[in-house]
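The values are calculated or read from the model by the stated rules, or taken from the named source; none is laboratory data. What you see is a predicted model, and the numbers here were worked out from it, not measured in a lab. Here the Cβ positions follow ideal geometry from the backbone for every residue, glycine too, while neighbour counts run over all protein chains shown.
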Amino acid sequence: MKRSTGIRAKAFVAGLLALAAQLSFADSAPAAADTIYLNARIYTVNPDQPWAEAVAIRDGRFVHVGDRAGAETYRGPATTVVDLQGNMVMPGINDAHVHAQRGGVKSLYECNFPFSSTPEQIARRVAECVAENPDLLWIRGGQWDSGFFDTYDMESPRAFLDAVSGDKAVLLNDDSNHNGWVNSRALALAGIDRDTPDPSDGTIVRDPVTGEPNGLLLEGAEQRVSDQLPEWSQAELQAGAREALRIANSFGITGLKEAYSEPHAMAAFQALEAADALTAHLALGIQTPYGHRTGPLDYAAIDEQRDQYASDGLHTAFVKVFMDGVPTASRTAAMLAPYTSEHDHSEPNRGMLHLDPELLTRDVIELDKRGYTVKIHTAGDRSVRVALDAIAAAREANGHSGLRHELAHAGYIDPEDVPRFAQLDAVADLSPYLWHPSPIIDSVVAAVGSPRGEQYFPVRSLLEAKAPILAGSDWPAAVETIDPWLGIEALVTRQDPRGNFPGSFWPEQAISLGDALQIMTLGGARAMRLEQTTGSIEVGKSADMIVLDRDLFAIEPQEISQVRVLRTLFAGNTVYITSSAEE
Ligand SMILES: [Zn+2]
C-alpha cells in the first residue's frame, strides 16, 4: 500500500514536472523563422564559432546559427526550409573601395572591350558602337592595356580611330584610367591642335615629323577631353546604380563602399532606396577636389552633403582626400626615394604631394572631430608617412574618436611605418585584385626600380603587426570586373589569378585563406562602420550570406577564382540565385 502510494506520488510528481517542462517550453519557444537553411557547411568568420550547419532567419536577421536541431526549433507552419545539400556558405563580401555606380553606368552605356583587345578587335568594337548610337555625339569607352602602344606599332592612333568613327567624337581610356586615346573630332571639340602647349600636369603626344597631336593624351591632357563629355542623366545614373548592385550581388557582394560619390550619384542611390531596390549595404564617400589644393576643405559643404543623403541604407559620413597620383610610368605617387630616371639627364624625381602636409593635418583633425572616416589616397611611401603623421596629430588633438581613417592603395610602406597602422588604428586599404604579375605591375616596378619596386603590398607584414586591413576592387578604375574571387586568390597565391602572367609577386607576403576571407568580409564591414550589422554570420546580424558551388577550404588555391556563387542573401532576401540553385 505504502509502496503503491509511493509509486502514485512519483507518477504525480513526474506528471507535474512534464507539465512544467511543457509550460516553460511554451514560454520560451522561439517565434517561427521566415526561413531556415539546413545541411550546409557554413564558415561564419566568427572566431567563437567558426563553423555551423544551419541558420534560421527572421525579419532579415539571423536568429539561430549552429546545428540543425536548434534550427528546427524555429520551424513554424509558414517557415520556408531550404536544404543546401552540403554546399559551403559564408558571409556576404564587402568591397570597401569601389566606384560601383560608375562601373554600372560604364557597363550599360559605354563602348567596352577587354583589356587584352587587339587593334583589330578595338576597331570592330568602335564601329559597332558608332552604328548602334546614331544620336550620340560622343563614344566613350575602353580599356586598352598600359603596354598597348608598345605592343602594337601604330603610326597615327588618331587616324586609326578616324577610320572607324564617322562623325563621332571618340575617347577610349587605358587600364589606369589616367590616359586617353582620341580621334580628330574629339581633339577639335576639346580645342587641342598642334599649337596647344602641354598642360603642366600632362602630355599631348605628337607626331615626331608633323608635330600634330597623334591622338594619345596623358594625364592632365586627357582631362581636357573628358571635361567635354556630357553629364549622365539622373535616369542613366539610377540605371547604373541598379546594374552595379545586380552585378555585385551575382558575385556574392552585399556591401559596397564607394570611395567617392558626387551629389547626383548619391541622389541616384537615394531614389533606389525609395524604390526599395537597395540590395547591399552602402557607404558613400564624399568627394573632395583632385589635384593641387592650397586652402582647407569646405567643411560646411561636406556636412551638408552628408546630411542630405544619409539614411538607414546610405551611410555618408565618409570623405575621400587625394594626396598623390600613381607609381606607374607616370611617376606621380609621392615616394621617399627617387624613381628610376626616364632619361639619363633627368633630375631625381620623388613624385609629388597634392597637399602640403600641414594642410592635410588640418583637414584630418577637423574631419575626425566632425565624425568622418577619412580615406586618404596614398600610393607612395612618402604620402603614406605624411598621412600617418596627420592621423597621429588627429589622435593627439581629439583623442581616439573611434574612427578608423584609411590609407588607400598603400602598396609601398616603409618598414618603419608598418607598426604605426596598429598603433594609430589606421586602415591599410589594399587592391589585391590588381597587385599580382601583370603589365601594370611591370610598369610600377620599372618606375620604382629594384629591389624597392618588388617590395609592394606587404599584407603579411601588416597582418603580423595587427594592422586593420580592408580590400577593394577599385572597379572600374583599374580592373575589368568587380569579381572578388580574383582578389581573394591573389591574396593567397600572389600570382595572376587568370594565369596570363607567370611568376609570383613577393610570395613571402602571401596570407592564409582564413585571413583573406576575414579581410573581405569583416574587414570591409568595419570600413563601412557596420561591423555590428554585417561581415560575419552571427545571431542578431543582418542575414547577408552566400552559397558557393565549392568548398574553398577543400580546393587548390589556384581554383579560388573559379568559384561561382549559387545564391546571395541580403537581409534575409535572396537577391541573386543561379538557375541551377532554384528550389
Ligand atoms: Zn579608387
Practice task
Just give me the residues in region 247-265 being in contact (Cβ under 8 Å) with a residue 40 or more places away in the chain and surrounded by fewer than 19 Cβ atoms within 10 Å (Cβ to Cβ), in sequence order.
Solution key: SER250, PRO263
Completion exercise
Counting only residues in region 139-198 that are of a type in the set (S, T, N, Q) and more than 21 Å from GLN121 (Cβ to Cβ), the one nearest to the chain's Cα centre (by Cα) is identified as SER184
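Return the residues of region 508-517 that are exposed (fewer than 13 other Cβ atoms within 10 Å of the Cβ) and within 16 Å of SER431 (Cα to Cα); say none if nothing qualifies.
Going residue by residue through region 508-517, those that are exposed (fewer than 13 other Cβ atoms within 10 Å of the Cβ) are 508.
Correct list: empty.
Of ARG331, ARG350, which residue is modelled with pLDDT under 95, at positive phi and more than 16 Å from the ligand (Cβ to nearest atom)? Can you show your working first?
Values: ARG350 fails: at positive phi.
Testing whether each residue is modelled with pLDDT under 95, at positive phi and more than 16 Å from the ligand (Cβ to nearest atom) leaves just ARG331.
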Exercise for the section: Can you work out which of the residues in region 182-200 that are modelled with pLDDT of 95 or more and among the hydroxyl-bearing types (Ser, Thr, Tyr) is surrounded by the fewest Cβ atoms within 10 Å (Cβ to Cβ)? Expected result: THR196
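Considering every residue within region 362-383, establish whether at least one is more than 30 Å from ALA265 (Cβ to Cβ) and away from the ligand (no atom under 16 Å from the Cβ). First the steps, then the outcome.
As a first pass, look at region 362-383 and keep what is more than 30 Å from ALA265 (Cβ to Cβ): 381-382.
Cutting the leftovers down to away from the ligand (no atom under 16 Å from the Cβ) gives us 381-382.
Yes: region 362-383 contains one or more residues that are more than 30 Å from ALA265 (Cβ to Cβ) and away from the ligand (no atom under 16 Å from the Cβ).
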Practice task
Among the candidates GLU489, GLU480, single out the residue that is buried (at least 21 other Cβ atoms within 10 Å of the Cβ), touching a strand residue (DSSP E or B) at 6+ places or on another chain (Cβ under 9 Å) and among the charged types (D, E, K, R).
Solution key: GLU489
Completion exercise
Scanning region 247-265 for residues that are away from the ligand (no atom under 16 Å from the Cβ) and either of a type in the set (Asp, Glu) or under 14 Å from LYS106 (Cα atoms) (or both) gives ILE247
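Taking helices (runs of 4 or more DSSP H) that fall entirely within region 326-431, which contain at least 1 residues that are within 21 Å of the chain's Cα centre (by Cα) and assigned by TED's automatic domain parsing to the domain that holds PRO468? I'd like the intermediate steps shown before the answer.
Details: elements: 357-369, 381-398, 418-424.
Correct list: 381-398, 418-424.
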Problem - Selection within region 266-304 - crowded, with 16+ Cβ neighbours inside 10 Å, aromatic (Phe, Trp, Tyr) and modelled with pLDDT under 95 - result: none
Handout entry: Filtered residue count, region 468-495, keeping only those that are near the ligand (Cβ under 10 Å from one of its atoms) and either in contact with a Cys (Cβ under 7 Å, 6 or more places away or on another chain) or under 19 Å from THR254 (Cβ atoms) (or both)
Key = 4
Exercise for the section: Tell me, yes or no, whether region 183-196 has at least one residue that is without any contact (Cβ under 8 Å) to a residue 40 or more places away in the chain, in a helix (DSSP H, G or I) and of a type in the set (Gly, Ala, Ser). Expected result: yes
